[in-house]
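The values are calculated or read from the model by the stated rules, or taken from the named source; none is laboratory data. Model, not experiment: these values are computed from the prediction. Please note: Cβ atoms are built from the backbone with ideal geometry, for glycine as well, and neighbour counts cover all protein chains shown. What goes into the accessible areas is simple: the full protein's heavy atoms, side chains included, and nothing from ligands, DNA or RNA. Shrake-Rupley method; radii C 1.70, N 1.55, O 1.52, S 1.80 Å.
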Amino acid sequence: MKRVIFNRKGGVGKSTIACNLAAVAASKGKKVLVVDLDPQANTTSYLGHSGKDNVVGIAEFMESTISRNYREFTSEDYIRKTPFDNLWLISASSTLVDLEAKLETKHKIYKLRDFLNNLHQEFDEIYIDTPPALNFFTLSALISADRCILPYDCDVFARDAMLDLMEELEEIIEDHNPELEIEGVVVNQFQARAKLPQQAVDELVEAKFKLLKPFISSSVKVKESHAAQSPLVFLDSNHKITLEFVELYENISRKKNVKK
């Protein structure tokens, strides 16, 4: 199963959701790979590495598709172990910014799909974190994935943006990846006692979005886990937010996960 986590809006928790779902899967004994496609490399940092350490990652793979120097590295060379059992990473770096225009010019949009399909037999689940833009890297991820999760941060101004995004995703599905399933919306940073977050959720329901349960509550514990470079299930397995991520993972995993 290959899942992509995407929203064009920044600050909605893409990296947090991708890493924590992947970590829960790993804690349950699944062999899990996380692919960081965001030049900011937040996911790379969250999983205990740095986008500035000159270790081979996704940028080097993308560059190899331009230079056609495929034999310099094997697929395994791009994968690094994280400090956590059963959890591996393909890291990002700011070099991705300089590569984007070259990749578009050379029409390399399907290379990530082919690369991950080759790796998919080695991993039970793959999670792909994307930039906050519908750019070359995000489109590559959407073409590569089986399912897509959309984070939502309870901003009352974000509903219309989500509607526009859904239209674009439907077009991508039709033109590039008919097997991609929009798994649903993860409501993030939810404050149950506040009026505005509930209003934002109600607008999504009215617009007939599929909301995944449970909602992920707002908590400083998430920021603590960022600072500790440790997903919540490894930092504090009994915390409320951890248990929400565990339940969310279990809910999305109930549908039979068949490798493609």
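Residue by residue through the stretch 57-82, note down the ones that are at pLDDT below 90 and either in contact with a Gly (Cβ under 8 Å, 6 or more places away or on another chain) or under 17 Å from T105 (Cα atoms) (or both).
Answer for the stretch 57-82, where residues must be at pLDDT below 90 and either in contact with a Gly (Cβ under 8 Å, 6 or more places away or on another chain) or under 17 Å from T105 (Cα atoms) (or both): S67, R68.
Got a sec? Which of D124, D114, D129 is of a type in the set (D, E, K, R) and either under 16 Å from T74 (Cα atoms) or in contact with a His (Cβ under 6 Å, 6 or more places away or on another chain) (or both)? Full working, then the answer.
Numbers: D124 fails: either under 16 Å from T74 (Cα atoms) or in contact with a His (Cβ under 6 Å, 6 or more places away or on another chain) (or both); D129 fails: either under 16 Å from T74 (Cα atoms) or in contact with a His (Cβ under 6 Å, 6 or more places away or on another chain) (or both).
Answer to the check: D114.
What is the number of the single condition among (1) within 28 Å of P231 (Cα to Cα); (2) touching a residue at least 40 places away in the same chain (Cβ under 8 Å) that E60 does not meet?
With respect to (1) within 28 Å of P231 (Cα to Cα); (2) touching a residue at least 40 places away in the same chain (Cβ under 8 Å), E60 is out only on (2).
Of all residues in the stretch 101-111 being in a helix (DSSP H, G or I) and either basic (K, R) or touching a Ser or Thr at 6+ places or on another chain (Cβ under 8 Å) (or both), which is least open to solvent (accessible area, probe 1.4 Å)? Give the derivation first.
First pass over the stretch 101-111, keeping only residues in a helix (DSSP H, G or I): 101-105, 111.
Keeping just the survivors that are either basic (K, R) or touching a Ser or Thr at 6+ places or on another chain (Cβ under 8 Å) (or both) gives 102-103, 111.
Details: K102: 116, L103: 0, K111: 64 Å².
This residue is L103.
So which of D85, D114, D98, D164 ends up being in a loop (DSSP other than H, G, I, E, B) and either open to solvent by 10 Å² or more (accessible area, probe 1.4 Å) or modelled with pLDDT under 95 (or both)?
Details: D114 fails: in a loop (DSSP other than H, G, I, E, B); D98 fails: in a loop (DSSP other than H, G, I, E, B); D164 fails: in a loop (DSSP other than H, G, I, E, B).
Being in a loop (DSSP other than H, G, I, E, B) and either open to solvent by 10 Å² or more (accessible area, probe 1.4 Å) or modelled with pLDDT under 95 (or both) holds for just one of D85, D114, D98, D164, which is D85.
Given the structure, is F157 assigned to a loop (DSSP other than H, G, I, E, B) and buried (at least 18 other Cβ atoms within 10 Å of the Cβ)?
Working: assigned to a loop (DSSP other than H, G, I, E, B): yes; buried (at least 18 other Cβ atoms within 10 Å of the Cβ): no.
Considered against the rule, which asks whether it is assigned to a loop (DSSP other than H, G, I, E, B) and buried (at least 18 other Cβ atoms within 10 Å of the Cβ), F157 comes out as no.
Pairs under 6 Å by beta carbon, first residue surrounded by 10 or more Cβ atoms within 10 Å (Cβ to Cβ) and of a type in the set (A, V, I, L, M) in the stretch 64-75, partner in a helix (DSSP H, G or I) and at pLDDT 85 or above, six or more apart or different chains?
I66/K102
Going through L196, L169 one at a time, which residue ends up being out of contact with any Ser or Thr (no Cβ under 9 Å at 6 or more places or on another chain), open to solvent by 50 Å² or more (accessible area, probe 1.4 Å) and outside any strand (DSSP E or B)?
Working: L169 fails: open to solvent by 50 Å² or more (accessible area, probe 1.4 Å).
Testing whether each residue is out of contact with any Ser or Thr (no Cβ under 9 Å at 6 or more places or on another chain), open to solvent by 50 Å² or more (accessible area, probe 1.4 Å) and outside any strand (DSSP E or B) leaves just L196.
Is there a residue being among the β-branched types (V, I, T) and open to solvent by 10 Å² or more (accessible area, probe 1.4 Å) anywhere in the stretch 26-49? Break it down stepwise before answering.
Let us first name the residues in the stretch 26-49 that are among the β-branched types (V, I, T), namely 32, 34-35, 43-44.
When the remaining residues are screened for being open to solvent by 10 Å² or more (accessible area, probe 1.4 Å), the result is none.
Within the stretch 26-49, none of the residues are among the β-branched types (V, I, T) and open to solvent by 10 Å² or more (accessible area, probe 1.4 Å).
Here is a yes/no grid of residues against (1) at pLDDT below 95; (2) surrounded by fewer than 20 Cβ atoms within 10 Å (Cβ to Cβ); (3) touching a Pro at 6+ places or on another chain (Cβ under 8 Å):
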| residue | (1), (2), (3) |
| --- | --- |
| I128 | no, no, no |
| P131 | no, no, yes |
| S140 | no, no, no |
| R147 | no, yes, no |
